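The structure under discussion appears below in the form of structure tokens.
The values are calculated or read from the model by the stated rules, or taken from the named source; none is laboratory data. Keep in mind the model is a prediction, meaning the values are calculated, not measured. Using ideal geometry, Cβ is built from the backbone for each residue, glycine included, and neighbour counts are taken over all protein chains shown. SASA here: full protein model, heavy atoms, side chains in, ligands and nucleic acids out. Shrake-Rupley method; radii C 1.70, N 1.55, O 1.52, S 1.80 Å.
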Amino acid sequence: MLVIGSGFAGLWAALGAARRLDELGVPAGAVEVTVLSARPFHDIRVRNYEADLSACRIPLADVLDPAGVAHVTADVTAIDPDARVVTTKDGATYDYDRLVLASGSQVVKPAIGGLAEFGFDVDTYDGAAALDRHLRGLADDQAATVVVVGAGPTGIETACELPNRLRALSSRRARVVLVDHGGVGSDMGDSALPVIQKALSDNGIEVLTGVIVRAVGADWVKLSSGERLRADAVVWCAGMRASPLTEQLPVSRDPSGRVPVDDYLRVVGISSIFAAGDVAAARMDDDHLSVMSCQHGRPMGRYAGYNVISDLFGEPMLALRIPWYVTVLDLGPAGAVYTEGWDRVVVSQGAAAKATKQAINTRRIYPPLSRDRAELLAAAAPELQARP
Ligand SMILES: Cc1cc2nc3c(=O)[nH]c(=O)nc-3n(C[C@H](O)[C@H](O)[C@H](O)COP(=O)(O)OP(=O)(O)OC[C@H]3O[C@@H](n4cnc5c(N)ncnc54)[C@H](O)[C@@H]3O)c2cc1C
């Protein structure tokens, strides 16, 4: 069995498979579980907006070796579903009986002049670390201005952290501008919007809506309004798209590039390939598909791992349905906002919601770091966590 990716879906698919092998009493070595991932880490991607990245990267050896899961650092470039072969950038090939595609998503950076050269992002650990180095390296002689593009959840969380972050780096005045071609938090719902707007204002963030970024330079950004803003850094947080590896599968994809999966996380029409996390659109209840989120990616991974092994041994698979949906958005020093339901009704805010967000970011979404096999396998059980 191969797993592509070691994020929230891939890690838990691999551990879920190891756990199911154990449960079925399959002798060691009878089924090899191998993770192919571009980086030898399980990255806690949801924390990339934070100032301190020191706990955001977990070596795969710590969480996969004790469970007997092999891992190879490799960029997968092709999948041949007929031959059941995966090819990596260095030309190596890997056969599989079952594949779990869990290569996640990427921020979409459009072809705007200067963006590729000068733009930053918090999409990956490496991207967030590059932004951090850049902010630390800014000359200490004038107000630092950072422009965050995209006022969705990632842009809001990033912007809210920045004023304090910049002030902690030096005594410069910090200016943070949040820019969006539409409105602020347009997908966060009417209930959360006033809380978000107040937090942005309390955090001293300037908001420019209805404007498009036209060009980016080393220390400026040009807007569709004709305005040219000073920008010591531009952080691109607008838009996510599923990994391009989804294009390797002969199936239709949704507007975000995700492949359709059945209730068992099997790609519709391809019996040997399962998909989990941001690459897959799975039904969460009768009315809603999964959202690109670690909230959905982690259980999707666990169920995919369980089901792959069950499928290989002719055992019944488990259908995944998740009867609750929440969002918990970090608002920096202004706390957080916690919504419940697909209509996103605010149930807590401020310090109370912040405590929940911190519990999620520092404990709930982490695998056990004890290197203890039994603990790792127990954490991979195909069970739904209660809401946070
Ligand atoms: C700043 C930020 C904040 C976020 N906040 C939240 C939040 O509060 N709540 C929430 O639920 N979600 C949040 N998200 C979204 C969440 O991070 C993603 O939905 C989640 O990471 C998806 O998990 P995944 O395993 O599908 O993909 P990822 O976590 O992206 O993992 C993908 C894996 O695939 C590997 N990979 C990719 N391409 C290849 C390839 N070609 N070959 C080999 N390996 C490959 C990568 O190295 C990685 O290991 C946030 C995202 C960001 C960027």
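Descriptive notes on the structure:
- Qualifying residues in the range 191-203 (those that are in contact (Cβ under 8 Å) with a residue 40 or more places away in the chain and exposed (fewer than 15 other Cβ atoms within 10 Å of the Cβ)) - the one farthest from residue 347 (Cα to Cα): 202
- Strands (runs of 3 or more DSSP E) (entirely within the range 210-321) containing at least 1 residues that are within 12 Å of the ligand (Cβ to nearest atom) and closer than 15 Å to residue 5 by Cβ: 240-242, 273-275
- Subset of the range 225-248 (residues that are surrounded by fewer than 16 Cβ atoms within 10 Å (Cβ to Cβ) and hydroxyl-bearing (Ser, Thr, Tyr)): 225
- Of all the listed residues (144, 130, 111, 139), the sole one being without any contact (Cβ under 8 Å) to a residue 24 or more places away in the chain and within 14 Å of residue 235 (Cα to Cα) is 130.
- Single condition residue 324 does not satisfy, out of (1) within 14 Å of the ligand (Cβ to nearest atom); (2) not in a loop (DSSP other than H, G, I, E, B): (2)
- Total residues in the range 77-118 satisfying the condition of being open to solvent by 20 Å² or more (accessible area, probe 1.4 Å) and either assigned to a strand (DSSP E or B) or among the β-branched types (Val, Ile, Thr) (or both): the figure is 13.
- Number of positions in the range 123-156 that are assigned to a strand (DSSP E or B) and hydroxyl-bearing (Ser, Thr, Tyr): 1
- Boolean, residue 172 is away from the ligand (no atom under 16 Å from the Cβ), basic (Lys, Arg) and open to solvent by 50 Å² or more (accessible area, probe 1.4 Å): no
- Of the criteria (1) open to solvent by less than 10 Å² (accessible area, probe 1.4 Å); (2) within 20 Å of residue 44 (Cα to Cα), which one residue 278 fails: (1)
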